[in-house]
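Have a look at the structure below, then the notes.
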Amino acid sequence: MRSLAEPGCLCLMLAALASAAEDRYAGAKACGACHPKHYASQSASTHALSLHRSQEISKFPYLPEGRAGEHHEFRKTDAGYWVTVKAGGSQMEIPIHWILGANDQGLTFFSRLGAGEYLEHRLSYYTRKGGYDVTAGHAATRPGTLEEALGARMSPAEAFRCLACHSTSLAQTASGPDFDSVVAGVTCERCHGPGAAHVEAMKSGSKLRQIRNPGKLPGERLVSMCGECHRTEPPPGVAFDDPIVTRFQPVGLQMSACFSSSDGALTCTTCHNPHENARRGDDRYYEQKCLACHNPQTGKQPRPPLPPDLKNAGRQRASGALKASSPVPGKPCRTQARAGCIGCHMPKTKPLAWVEFTDHWIRARK
């Protein structure tokens with residue numbers, strides 16, 4: 001699905017990812033030898049399962065075959081997944097090379113058409129629908145030509161940006177992304193860095209750990225790290241208060257008084273265990289996270305004012321230019337002090353058909 005990341009917010013991550021391809025990876029299984037609990041939960045997470053080769057089509061038995069609307073027909077083979085697209089009196093049969101997503105919300109399809117040319121398909125599979133619909137970011141109007149029915153063509157750089165956010169390691173070559181050597185899915189070494197040196201150091205008894213620990217980063221840097229793919233600013237031309245921004249959780253979080261008042265204490269991992277899936281639907285679990293600070297007896301209540309220029313405020317907070325205000329003690333909520341935090345202050349939204357997100361811009365709503 002388009003617009004998960006743009007060149008401006010990804011430049012540092014892409015440079016690191018490209019250079020990391022030259023470093024030595026140990027593989028997630030090597031991590032599991034010493035960290036079995038983290039490995040077991042992370043390897044089953046939607047992060048780890050976010051990219052598959054089409055040849056692994058047996059992992060997706062629920063994907064329907066046959067016609068999907070007026071212009072598309074899907075079929076499974078031993079070699080993978082194919083789609084025939086017909087429009088404007090022309091047709092093309094295309095092999096789907098990559099399946100993006102873990103089916104928690106849906107799956108998007110990606111193909112290499114030829115040297116230096118890539119395609120994000122116009123139709124995606126949506127879990128709630130149990131079928132196909134227009135991919136997020138694509139025009140929902142009826143296609144009049146084969147080109148419109150195919151989807152969005154991508155340059156090598158665009159393809160790299162897209163698949164890099166679904167990979168642990170992806171090298172960029174002169175001709176484009178090196179899909180032959182990609183480590184698919186977001187696993188241990190995507191956040192902790194290449195781990196071979198760490199494995200060797202631990203086996204030798206070295207005191208030098210030779211590994212990155214994101215949990216030790218300052219709060220804003222940790223949120224920015226997650227934002228490399230989940231974004232720290234809306235897509236170009238999209239306002240900060242546009243409902244589609246709920247798709248990009250760090251954007252909303254950084255506009256929240258809870259974040260700006262926490263002096264770096266509130267981050268993505270305050271509420272989310274990075275080694276497992278988010279607990280969707282478990283509002284009570286997340287309310288306990290809220291009440292750890294917003295507690296009538298022991299907690300603090302952040303000072304709430306937001307500057308009226310939300311776009312400017314978001315940019316300032318994302319860059320660290322907007323200073324955190326001091327927490328002030330007080331009753332967390334005049335309406336419900338001990339329950340209902342999520343439903344009131346972080347409601348579910350459906351800015352796209354068949355897809356639901358939690359609004360991470362924590363605020364009182366009128």
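Condition check ((1) assigned to a helix (DSSP H, G or I); (2) crowded, with 20+ Cβ neighbours inside 10 Å; (3) within 15 Å of the chain's Cα centre (by Cα)) across all residues:
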residue	(1), (2), (3)
Lys207	no, no, no
Gln210	no, no, no
Val223	yes, yes, yes
Ile244	yes, no, yes
Residue count for the stretch 102-133, restricted to those that are touching a residue at least 60 places away in the same chain (Cβ under 8 Å) and crowded, with 16+ Cβ neighbours inside 10 Å: 11
Single unsatisfied condition, Ser90 versus (1) loosely packed, with under 14 Cβ neighbours inside 10 Å; (2) within 30 Å of the chain's Cα centre (by Cα): (2)
Conditions (1) of a type outside the set (S, T, N, Q); (2) surrounded by 22 or more Cβ atoms within 10 Å (Cβ to Cβ); (3) in contact with a helix residue (DSSP H, G or I) (Cβ under 6 Å, 6 or more places away or on another chain); (4) at pLDDT 95 or above; number of the one not met by Pro177: (4)
Criterion violated by Pro156 - all others in (1) farther than 25 Å from Pro351 by Cα; (2) more than 20 Å from the chain's Cα centre (by Cα); (3) at pLDDT 95 or above satisfied: (3)
Test: residue in the stretch 135-142 that is over 20 Å from the mean Cα position of the chain (by Cα) and either under 18 Å from Ser111 (Cα atoms) or in a strand (DSSP E or B) (or both): no
Hey, Ala139 more than 23 Å from Ser45 (Cβ to Cβ), without any contact (Cβ under 8 Å) to a residue 24 or more places away in the chain and of a type outside the set (Ser, Thr, Tyr) or not: yes
Near pairs, Cβ below 6 angstrom, 6+ apart or cross-chain, from the stretch 182-203 (among the aliphatic types (A, V, I, L, M)) to any residue that is assigned to a helix (DSSP H, G or I): Val199/Ala30
Residue in the stretch 134-166 that is surrounded by the most Cβ atoms within 10 Å (Cβ to Cβ), counting only those that are hydroxyl-bearing (Ser, Thr, Tyr) and over 30 Å from Asp178 (Cβ atoms): Thr145
Residues located in the stretch 152-193, provided they are part of a strand (DSSP E or B) and not charged (D, E, K, R): Ala152, Met154, Ser167, Thr168, Ser169, Gln172, Thr173, Gly176, Pro177, Val183, Ala184
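Residues checked against (1) in contact with a strand residue (DSSP E or B) (Cβ under 9 Å, 6 or more places away or on another chain); (2) at pLDDT below 95; (3) at positive phi:
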residue: Thr46; (1), (2), (3): no, no, no
residue: Gly80; (1), (2), (3): yes, yes, yes
residue: Val85; (1), (2), (3): yes, no, no
residue: Gly88; (1), (2), (3): no, yes, yes
Residue list for the stretch 20-39, filter: assigned to a loop (DSSP other than H, G, I, E, B), at pLDDT 95 or above, surrounded by 15 or more Cβ atoms within 10 Å (Cβ to Cβ) and among the aliphatic types (A, V, I, L, M): Ala26
Candidate set from the stretch 46-84 (those that are surrounded by 19 or more Cβ atoms within 10 Å (Cβ to Cβ) and in contact with a Pro (Cβ under 9 Å, 6 or more places away or on another chain)); member that is farthest from Cys165 (Cα to Cα): His71
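The values are calculated or read from the model by the stated rules, or taken from the named source; none is laboratory data. Everything numeric in this text was worked out from a predicted model, so none of it was measured. Note that each Cβ is placed from the backbone with ideal geometry, even for glycine, and that neighbours are counted across all protein chains shown.
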